[in-house]
Amino acid sequence: MFSKSSLEMIDIVARLGSFTAAAEVLHKVPSAISYGVRQIEQELDVLLFKRLPRKVELTQAGEIFVGEARVMLRQMEELKLQTKRAAHGWQKTLKLTLDNVVRLDQMKPLIEAFYTQFEFAELQINMEVFNGSWEAISQGRADIVIGATSAVPVGGEFEVKDMGILDWAFVMSPSHPCVREQRLTEEFVSQFPAICLDDTSSVLPKRHTVHYPQQRRLLLPNWYSAIECLKNSVGVGYMPRHIAQPLIQEGLLVEKTLEEDRPKSQCCLVWRKDDNHRLIKWMVDYLGTSDKLHRDWLQA
């Protein structure tokens, strides 16, 4: 019923409250803007603007019309962008999942490079914990996973690239009773809750941070909440070394050694096989070699 240009004209008049100001923006004479608005009002058989001595104001009907017109303009723009994406062979969105164990300081350059490279595509970033990462890619909620640990068999066609070993540190608050012990035994440590991240999988078997069999767990959603609990002596637990190291250096946490060998996790980059998904190919190439992946996302 209305052209894109006529909807944009109404929108600009409403924003500026003046036919003259709108005419300057649209590089037209004020009479052309006034005539265009009047034509739309006649077609609708309603008054959209109250004409005042030095400005125009929306009527109640005009406010409704302008609100809907702005929705239509956004939809028109999205339709244009989607059409261009299809013409260029790009999917609209790349779904990237980060396992909660990875470093986050590479996110900014990654996002900037992606949005510089692609004019029409979007990036969706989610975080998962342990087997939740594998579940995300097996269920199609992720195209790429960075930092998936301890590979488990899941259905689907995937490619995998090694990221090396993730090192863990056993940490606690400086005021925690474990700090005063010269030698930490399983019996002593088991008195205190083990700070563990809760596996986000809902179908695959859940995995949690290493802890003693008799030790009660405190399951938390992310390292931010885990760090707060550790700093406040709520419990003890293992944390990726790259996350723990700055806190240890600041004196906020203390690292202790248990009698058992500390856990190590094999990490990998996983992506969906899709020869037509150019965004996946670009991202895998951008993330680089196994050595680069380890330095950028896992190394302390």
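The values are calculated or read from the model by the stated rules, or taken from the named source; none is laboratory data. These numbers come from a predicted model, not from an experiment. Heads up, the Cβs are rebuilt from the backbone with ideal geometry, glycines too, and the neighbour counts pull from every protein chain shown.
Every condition in (1) touching a residue at least 40 places away in the same chain (Cβ under 8 Å); (2) part of a loop (DSSP other than H, G, I, E, B); (3) touching a strand residue (DSSP E or B) at 6+ places or on another chain (Cβ under 7 Å) is met by GLN215 except one, and the failing one is (1). Of all residues in segment 195-212, those satisfying the criterion of being out of contact with any Ser or Thr (no Cβ under 7 Å at 6 or more places or on another chain), in contact (Cβ under 8 Å) with a residue 60 or more places away in the chain and not charged (D, E, K, R) are THR200, SER201, SER202, VAL203, LEU204, PRO205, HIS208.
Within segment 131-142, the set of residues being crowded, with 23+ Cβ neighbours inside 10 Å and within 20 Å of MET107 (Cβ to Cβ) comprises GLY132, SER133, ALA136, ALA142. Consider segment 164-183 and keep the residues that are in contact with an Asp or Glu (Cβ under 7 Å, 6 or more places away or on another chain) and among the aliphatic types (A, V, I, L, M). The one that is nearest to ASN232 (Cα to Cα) is VAL171.
Of the set (1) farther than 18 Å from TRP168 by Cα; (2) at pLDDT 95 or above; (3) not hydrophobic (A, V, I, L, M, F, W, C), all apply to ARG278 but (2).
Go through LEU48, LEU104, LEU98 for me and flag whichever is assigned by TED's automatic domain parsing to the domain that holds VAL270 and surrounded by 18 or more Cβ atoms within 10 Å (Cβ to Cβ).
The conditions single out LEU98.
Here are some conditions: (1) closer than 22 Å to LEU123 by Cβ; (2) modelled with pLDDT under 95; (3) not hydrophobic (A, V, I, L, M, F, W, C). TYR286 meets all but one. Which one does it not meet? Unmet for TYR286, out of (1) closer than 22 Å to LEU123 by Cβ; (2) modelled with pLDDT under 95; (3) not hydrophobic (A, V, I, L, M, F, W, C): (2). For segment 251-288, filtering for residues that are under 23 Å from the mean Cα position of the chain (by Cα) and in contact (Cβ under 8 Å) with a residue 40 or more places away in the chain leaves 17. The residue list CYS229, CYS268 contains one member that is crowded, with 19+ Cβ neighbours inside 10 Å, in contact with a Leu (Cβ under 9 Å, 6 or more places away or on another chain) and within 18 Å of TRP168 (Cβ to Cβ), which is CYS268. Looking only at residues in segment 52-88 that are closer than 19 Å to ILE33 by Cα and of a type in the set (D, E, K, R), the one that is modelled with the lowest pLDDT is ARG54. Residues in segment 52-66 that are in a helix (DSSP H, G or I) and either exposed (fewer than 12 other Cβ atoms within 10 Å of the Cβ) or not assigned by TED's automatic domain parsing to the domain that holds VAL13 (or both): GLN60 only. Looking only at residues in segment 7-23 that are crowded, with 20+ Cβ neighbours inside 10 Å and β-branched (Val, Ile, Thr), the one that is nearest to GLY67 (Cα to Cα) is ILE10.
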